[in-house]
Amino acid sequence: MGGRAADFAFPPGCGVCGAPLAEPDALCPSCWGQLRFISAPMCPRLGIPFAIELGPGALSAEAIADPPVFDRSRAALVYNDLARALVAQLKYGDRTDLATLCGRLMAQAGHEFWGEAPVLMPVPLHWRRQAMRRFNQSVLLAREIGRRTGLAAMGGGLRRVRHTRQQVGLSGDARARNVAGAFAVSPRLLERLGGRRVVLVDDVVTTGATANAAARALRRAGVDHIDVISLARVVRQGD
Ligand SMILES: [Zn+2]
């Protein structure tokens, strides 16, 4: 029904630049052409693209220097100017319809995860931030991935117990300190999971500090396997 309703809705322009489009839920060819899709070869832990095939099991320098708390992360896009604009439209630009496109890209990027029948867990916002923004973009993305993969998105399993400052402008160490202890799990989480794996859903992975803090809370609660899917991830020049 959602699809039908969208057909008759006022056709929105390109999700990033606003250029008129024939189909809703799309980007214009120019914006689409500026997306950088992440594909193999990549670091099996962090999903960072490799310029050349390094052989099975070869890890990125980041994964070796600073092993993540979670098991694997995958992202659909390199976080470049276009990805930044896309996320901004989704979060602040009243373009929640873009969750359909973003969820589709994320469902493709996380294809290795879905066969394991995990539970999708959106990274929560603190209630105060959610009240300001009216919605959590990660919930929209998780719902969309769920619609495409048939997997359930679980709300309330993970809570943000500390109101942290925005990560924007903080260095890697400061980001990790900022989100340390920010998450708590609900007391009956393990029961609700019933042995299923968890895939954390977030819009952007920058240093991985938020995903690591969320994964640490889940690990402490006894969750064995935690993966991360994001729309975009920061890839440093030269990686
Ligand atoms: Zn455009």
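The values are calculated or read from the model by the stated rules, or taken from the named source; none is laboratory data. In this text, all values refer to a predicted model and were calculated from it rather than measured experimentally. Cβ coordinates were reconstructed from backbone atoms using ideal geometry, including for glycine residues, and neighbour counts include every protein chain displayed. For the accessible areas, the whole protein counts, side chains as well, though only heavy atoms, and no ligand, DNA or RNA atoms are used. Shrake-Rupley method; radii C 1.70, N 1.55, O 1.52, S 1.80 Å.
When the helices in the chain are scored as -39500 (n - 2.57) per DSSP H run of 4 or longer and the sum is shared across all residues, what 222 nm value do you end up with, to the nearest 500 deg cm²/dmol?
-10500 deg cm²/dmol
Taking amide H positions as placed 1.01 Å from N in the peptide plane, with prolines and chain starts having none, which residues 5 or more places from Ala75, or on another chain, fall under 5 Å of its amide H?
Those lying under 5 Å, H to H, from Ala75 are Ser230.
Taking 8 Å as the Cα distance limit and 6 or more residues as the minimum spacing, I'd like the relative contact order of the range 63-154 as a percentage.
30
Heavy atoms of the protein only, probe of 1.4 Å, neighbouring chains included. What is the accessible area of Arg192 in Å², nearest 10?
Near enough 100 Å² of accessible area.
What are the extents of the Cα atoms of the range 139-207 along their three principal axes, listed from largest to smallest and rounded to whole Å?
On the principal axes, the range 139-207 reaches 37, 28, 17 Å in Cα extent.
Please work out, to two decimal places, the log10 of the ratio I(q)/I(0) at q = 0.10, 0.11, 0.14 Å⁻¹ from a Debye calculation in which every Cα of the chain carries one identical scatterer.
Taking Cα atoms of the chain as identical point scatterers yields -0.46, -0.56, -0.93.
Would you mind telling me which residue in Arg148, Arg84, Arg220 has the biggest mean-square fluctuation in a Gaussian network model of the chain, where springs connect alpha carbons within a distance under 10 angstrom?
Of Arg148, Arg84, Arg220, the Gaussian network model singles out Arg220 as fluctuating most.
Name the shape class, rounded, prolate or oblate, that the alpha-carbon gyration tensor gives for the range 91-198, where a ≥ b ≥ c are the square roots of its eigenvalues, rounded holds for a/c under 1.5, and otherwise prolate holds if a/b is larger than b/c and oblate otherwise.
oblate
Skip the ligands, DNA and RNA, and give the accessible area per residue of the range 82-239 with a 1.4 Å probe, whole Å².
47
Using a 1.4 angstrom probe on heavy atoms only, work out the carbon and sulfur share of the accessible area of the chain in %.
54
Taking K and R as +1 and D and E as -1, what net charge do the other residues with C-beta under 13 Å from the C-beta of Ala40 add up to?
Spelling it out: positives minus negatives among the neighbours equals -1.
Report ³J(HN,Hα) in whole Hz for each residue of the range 52-65, in order, from the Karplus equation J = 6.51 cos²θ - 1.76 cosθ + 1.60 where θ = phi - 60°; Gly and Pro get x.
Coupling constants for the range 52-65: 9, 5, 9, x, x, x, 5, 9, 6, 4, 4, 5, 7, 5 Hz.
If Arg104, Arg128 are ordered by their accessible area, calculated over protein heavy atoms with a 1.4 Å probe, which sequence runs from highest to lowest?
My answer, sorted largest first, is Arg128, Arg104.
Using Cα springs under 10 Å in a Gaussian network model of the chain, which residue among Ala152, Ala213, Ala99 shows the largest mean-square fluctuation?
Judging by the Gaussian network model, the answer is Ala152.
Which whole-number percentage describes the relative contact order of the chain, with Cα contacts under 8 Å and a sequence gap of 6 or more?
Reported relative contact order: 22 percent.
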